[in-house]
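Student: Here it is, the structure in full.
Any read-out appearing in this document is the output of simple, stated calculations on the displayed coordinates, not a laboratory observation. Computed from a prediction, not measured in an experiment: that's the story for all the values here. Cβ coordinates were reconstructed from backbone atoms using ideal geometry, including for glycine residues, and neighbour counts include every protein chain displayed.
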Amino acid sequence: MSKLIERLIWLIAIVGFVVGLYGVYMRLSAGHQAANYGSYVPWGLWVAGYIYCIGLSAGAFLMSTLVYVFRIERLKKIGKLALFTALVSLFAALFLIWMDLGHPLRAYKLVINTNFRSIMGWMIWLYTAYFVLLVVELWFAMRADLVACSSEPGFRGKLCNFLTFGRKDTSSAAVQRDSSILRVLGTIGIPLAIAFHGGVGALFGVVGARPYWNSGLTPIMFLVGALASGGALLAFVVAIWGPGRGSEEHRGLVAFLGQIVLGLLLFDLLLEWAEYSISLYSAVPAETESLRLVIFGPYWWVFWIVHLLLGALVPILLLLLRGRSVWAVGLAGALIALTFLSVRLNIVLPALAVEELEGLRTAFTGPGLTFDYFPSLMEWLFFIWTISLAGLGFLIGYALLPIVRTKEVA
């Protein structure tokens with residue numbers, strides 16, 4: 001079954017990549033003219049996709065710390081898989097937000113002209129540090145396996161040999177040294193991951209002009225959502241590509257991940273209930289108007305059907321009733337990870353779709369002067385292309401690199 005699903009995912013990724021190329025062409029040739037956001041709603045699908053993918057990356061990375069920092073033996077064999085998933089998700093996130101910029105080639109100015117009094121200014125440095133840490137940590141996690149792989153014939157063996165960078169010592173002392181370095185890097189990565197993804201939440205939370213975002217709970221909800229969605233993605237990945245597929249050990253590993261994801265999902269829903277219920281009960285018009293758009297607005301089905309039904313209720317039932325089944329946990333993880341985009345959309349868009357001044361909606365008219373936003377064809381195609389590119393990167397990397405150890409290194 002997993003082989004069939006793997007082939008299907010290859011097919012979906014290739015089709016998405018090919019179809020999405022038209023969106024890339026439109027973005028590069030027409031800029032932002034083919035997008036449906038404007039002056040009143042300046043952020044759209046790509047910003048929501050960015051915080052969605054960043055959450056997946058942060059969640060998958062924090063799950064890897066259970067292996068390399070907290071030394072949970074049961075998860076030992078999926079550490080590299082978690083790090084690689086985090087790296088691929090980070091690429092998708094940064095590419096989306098890079099292309100959302102009006103002038104992507106000026107992105108370097110974020111580094112050379114950083115305003116450290118701005119949260120957004122700090123973000124570029126935190127992302128850079130996180131990217132470097134991910135690459136270095138993944139290399140140390142794979143180093144011994146790269147040495148073992150380097151003796152294989154063909155391109156894979158040559159690639160593994162190159163990536164060892166001449167470090168071919170696989171003695172117990174060398175492997176133990178790698179393990180110690182991984183623990184240090186993972187420990188550094190915990191506050192770093194909390195800082196950069198909590199910082200994304202703070203980026204929204206400090207905007208006093210948008211009461212829907214302006215809350216001290218916003219960074220916490222971003223972090224918990226990252227753990228839930230990133231953990232769910234990892235559960236799906238392990239169910240399909242994890243070590244020892246078909247064995248009892250693999251079944252137990254997937255079931256254990258399913259229990260972790262279930263707890264994180266329930267905690268995330270608890271925070272969401274607290275945020276929504278308190279805000280609606282307090283009945284502050286500036287905030288409740290955005291919430292009412294989420295719950296009862298023209299896209300109510302995104303909240304009730306995509307998020308709560310497909311992304312919460314169905315996965316909870318699968319994890320409670322069929323928690324020992326690999327396919328059930330994998331399906332639950334896929335549903336949570338995929339539908340969490342709706343959560344991010346319901347964070348970004350409703351706050352922007354509300355008039356900051358009464359009558360502003362009808363005071364001015366013209367291109368871009370509207371509060372009604374739905375992603376254009378170009379936005380959807382480019383988003384699909386980016387996710388497909390990341391998916392292909394994962395599949396190719398999994399095929400060429402020793403992400404999952406098939407045998408112990410002597």
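Student: For region 1-103, which semi-axes, largest first and in whole Å, follow from the square roots of 5 times the eigenvalues of its Cα gyration tensor?
Tutor: Semi-axis lengths for region 1-103 are 33, 20, 9 Å.
Student: Then there's this: List the equivalent ellipsoid semi-axes of region 72-133 in whole Å, largest first, each obtained as the square root of 5λ for an eigenvalue λ of the Cα gyration tensor.
Tutor: Equivalent ellipsoid of region 72-133: 30, 14, 8 Å, largest first.
Student: Moving on to the next point. Tally Lys and Arg at +1 and Asp and Glu at -1 over the other residues with C-beta under 14 Å from the C-beta of GLY258: what net charge comes out?
Tutor: Neighbourhood net charge equals +4.
Student: Still on this structure, please answer the following. Express the relative contact order of region 2-400 as a whole percentage, based on alpha carbon pairs under 8 Å and six or more residues apart in sequence.
Tutor: Relative contact order comes out at 31 percent.
Student: Another question, if that's okay. Taking Cα centroids, how far is region 126-141 from region 152-170 in Å?
Tutor: That distance is 20 Å.
Student: Given R₀ = 45 Å, FRET efficiency for VAL19-GLU152 by Cβ-Cβ distance, to 0.05?
Tutor: Taking R0 as 45 Å, the efficiency between VAL19 and GLU152 is 0.80.
Student: Given Cβ point charges of +1 (Lys, Arg) and -1 (Asp, Glu) and nothing else, what value in debye, to the nearest 20, does the dipole of the chain about its Cα centre take?
Tutor: 1380 debye
Student: Among the helices of the chain (complete DSSP H runs), which have Cα atoms covering no less than 20 Å along the helix axis and a Kyte-Doolittle mean of at least -0.5?
Tutor: In the chain, the long hydrophobic H runs are 2-30, 45-68, 79-100, 119-149, 172-205, 218-241, 248-282, 326-352, 377-400.
Student: Based on DSSP H runs of at least 4 residues, each adding -39500 (n - 2.57), what is the mean residue ellipticity at 222 nm of the chain after dividing by all its residues, to the nearest 500 deg cm²/dmol?
Tutor: Estimated from H runs of four or more residues: -24500 deg cm²/dmol.
Student: Turning to a different aspect of this structure: Work out the count of Lys pairs in the chain where the Cα-Cα distance is under 17 Å, with the pair 8 or more places apart or on different chains.
Tutor: 4
Student: If you find the alpha carbon centre of region 27-56 and of region 214-237, how far apart are they in angstrom?
Tutor: The distance from the Cα centre of region 27-56 to that of region 214-237 comes to 21 Å.
Student: From the P(r) of the chain, can you give the percent of Cα pairs sitting at distances over 35 Å?
Tutor: Cα-Cα pairs of the chain separated by over 35 Å account for 29 percent.
Student: In whole Å, what are the extents of region 128-196 along the principal axes defined by its C-alpha atoms, from largest to smallest?
Tutor: Principal-axis extents of the Cα atoms in region 128-196, largest first: 43, 27, 13 Å.
Student: Remind me, relative contact order of region 138-293 in percent, using alpha carbon pairs under 8 angstrom and six or more residues apart?
Tutor: 16 percent
Student: Continuing with the same structure: Give the peptides 335-345, 275-285, 47-57, 310-320 in descending order of average Cβ contacts within 10 Å, highest first.
Tutor: 47-57, 335-345, 310-320, 275-285
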